[in-house]
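The values are calculated or read from the model by the stated rules, or taken from the named source; none is laboratory data. Worth saying up front: this structure is predicted, and the values here are computed from it rather than measured. Glycine also receives a Cβ, built like all others from the backbone with ideal geometry; neighbour counts cover every protein chain displayed.
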């Protein structure tokens with residue numbers, strides 16, 4: 001059985017402009033494989049092909065790519081899920097390309113950094129051992145803490161494409177809500193002040209591309225809606 | 001996080017609320033007009049004039065025209081900041097579109113006044 005691939009190639013040191021390169025991979029009849037395994041096999045054919053990968057099991061978030069027009073992690077996307085035709089693999093959209101499928105994620109991390117992704121607790125008497133939470137308080141973090149920062153969501157969001165320097169993006173806002181809702185965090189007002197402008201949160205128009213592509217099945221749109229509600233409640 | 005200066009002093013919460021409240025007014029007006037057209041068998045100029053001669057209808061229409069102006073102002077600012085990156089061109093487009101939106105209110109006002 002032959003698998004056909006069309007892969008985005010661009011080496012800024014050599015190429016004047018990007019191009020799509022076709023590859024063919026021979027696999028056993030009826031055998032399925034993950035897209036990352038196919039890319040690794042293709043790299044044996046063509047060692048100049050560049051892409052990121054690390055854990056190979058959907059935990060590290062390194063191999064986010066655009067496959068047949070939809071962002072996802074190559075390591076947990078079966079080739080069979082992409083249909084029978086040629087598989088088109090491109091880098092995550094909207095971010096500058098370093099080489100081939102490798103993108104420069106500086107804009108993404110800059111936005112993530114803005115939301116202060118760490119617990120802030122300025123209580124006068126810190127507990128001797130640890131900050132305890134009730135099971136209910138802990139349950140509020142479910143669906144938020146699992147984000148692996150693969151950038152599939154933010155790079156599928158048109159608001160992030162058009163305003164990457166002003167809009168935090170779904171991944172950053174999911175993490176922002178994770179700390180806003182954390183019972184141990186005491187910087188809620190400060191965090192909301194930082195988000196209270198026309199771009200950081202309110203550029204989300206709820207089109208839910210982020211929900212559609214999240215490889216961990218998370219719902220950034222819902223978290224953003226909660227942040228909007230918090231901002232609204234303290235304004236009225 | 002972003003200074004108000006960077007976003008033309010627009011307030012996110014205020015814009016969010018304004019967009020939704022104006023949309024509700026526009027929607028209510030659309031439903032009302034649709035209901036009027038559906039339930040009126042033979043629409044004549046007399047009936048049409050009668051509808052708009054009531055004070056409540058004039059207030060409702062004016063409120064809707066102002067809602068459209070506010071909705072357009074915020075909505076197109078969002079669209080333009082997405083797609084037009086040259087600030088001078090964006091400023092000109094915003095000015096022209098805002099003048100047109102104001103024109104709708106002004107014309108509507110004079111039409112209502114004349115009924």
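Per-residue answers, yes or no, for (1) under 28 Å from residue A:205 (Cα atoms); (2) modelled with pLDDT of 90 or more; (3) within 14 Å of another protein chain (Cβ to nearest Cβ):
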position: B:20; (1), (2), (3): yes, yes, yes
position: B:56; (1), (2), (3): no, yes, no
position: B:64; (1), (2), (3): yes, yes, no
position: B:69; (1), (2), (3): yes, yes, no
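The set of residues in segment A:105-142 being surrounded by 13 or more Cβ atoms within 10 Å (Cβ to Cβ) and under 30 Å from residue A:18 (Cα atoms) consists of A:105, A:107, A:108, A:109, A:110, A:111, A:112.
Could you please let me know if residue B:52 is at pLDDT below 95 and loosely packed, with under 13 Cβ neighbours inside 10 Å? Considered against the rule, which asks whether it is at pLDDT below 95 and loosely packed, with under 13 Cβ neighbours inside 10 Å, residue B:52 comes out as no.
If you scan segment A:23-37, which residues turn out to be exposed (fewer than 10 other Cβ atoms within 10 Å of the Cβ) and touching a strand residue (DSSP E or B) at 6+ places or on another chain (Cβ under 8 Å)? The one that is exposed (fewer than 10 other Cβ atoms within 10 Å of the Cβ) and touching a strand residue (DSSP E or B) at 6+ places or on another chain (Cβ under 8 Å): A:26. The residues of segment A:35-57 that are in contact (Cβ under 8 Å) with a residue 12 or more places away in the chain and within 19 Å of the chain's Cα centre (by Cα), listed by number, are A:35, A:36, A:51, A:52, A:53, A:55, A:56, A:57. When restricted to residues that are within 23 Å of residue A:95 (Cα to Cα) and over 25 Å from the mean Cα position of the chain (by Cα), segment A:1-21 contains 6. Of the helices (runs of 4 or more DSSP H) contained entirely in segment A:135-236, those carrying at least 1 residues that are within 14 Å of chain B (Cβ to nearest Cβ) fall at A:158-162, A:170-180, A:188-195, A:220-235. Please verify whether segment A:48-63 includes one or more residues that are assigned by TED's automatic domain parsing to the domain that holds residue A:91, at pLDDT 95 or above and over 27 Å from residue A:209 (Cβ atoms). Yes: segment A:48-63 contains one or more residues that are assigned by TED's automatic domain parsing to the domain that holds residue A:91, at pLDDT 95 or above and over 27 Å from residue A:209 (Cβ atoms). The number of residues in segment A:4-53 that are assigned to a loop (DSSP other than H, G, I, E, B) and more than 16 Å from residue A:85 (Cα to Cα) comes to 18. Residues in segment B:27-37: is at least one modelled with pLDDT under 95, more than 16 Å from the chain's Cα centre (by Cα), surrounded by fewer than 12 Cβ atoms within 10 Å (Cβ to Cβ) and more than 14 Å from chain A (Cβ to nearest Cβ)? The answer is yes; a qualifying residue exists.
The condition (being away from chain A (no Cβ under 14 Å) and in contact (Cβ under 8 Å) with a residue 60 or more places away in the chain) is satisfied by just one residue among B:10, B:49: B:49.
What do you reckon, is residue A:60 part of a loop (DSSP other than H, G, I, E, B) and within 19 Å of the chain's Cα centre (by Cα)? For residue A:60, the condition - part of a loop (DSSP other than H, G, I, E, B) and within 19 Å of the chain's Cα centre (by Cα) - is met.
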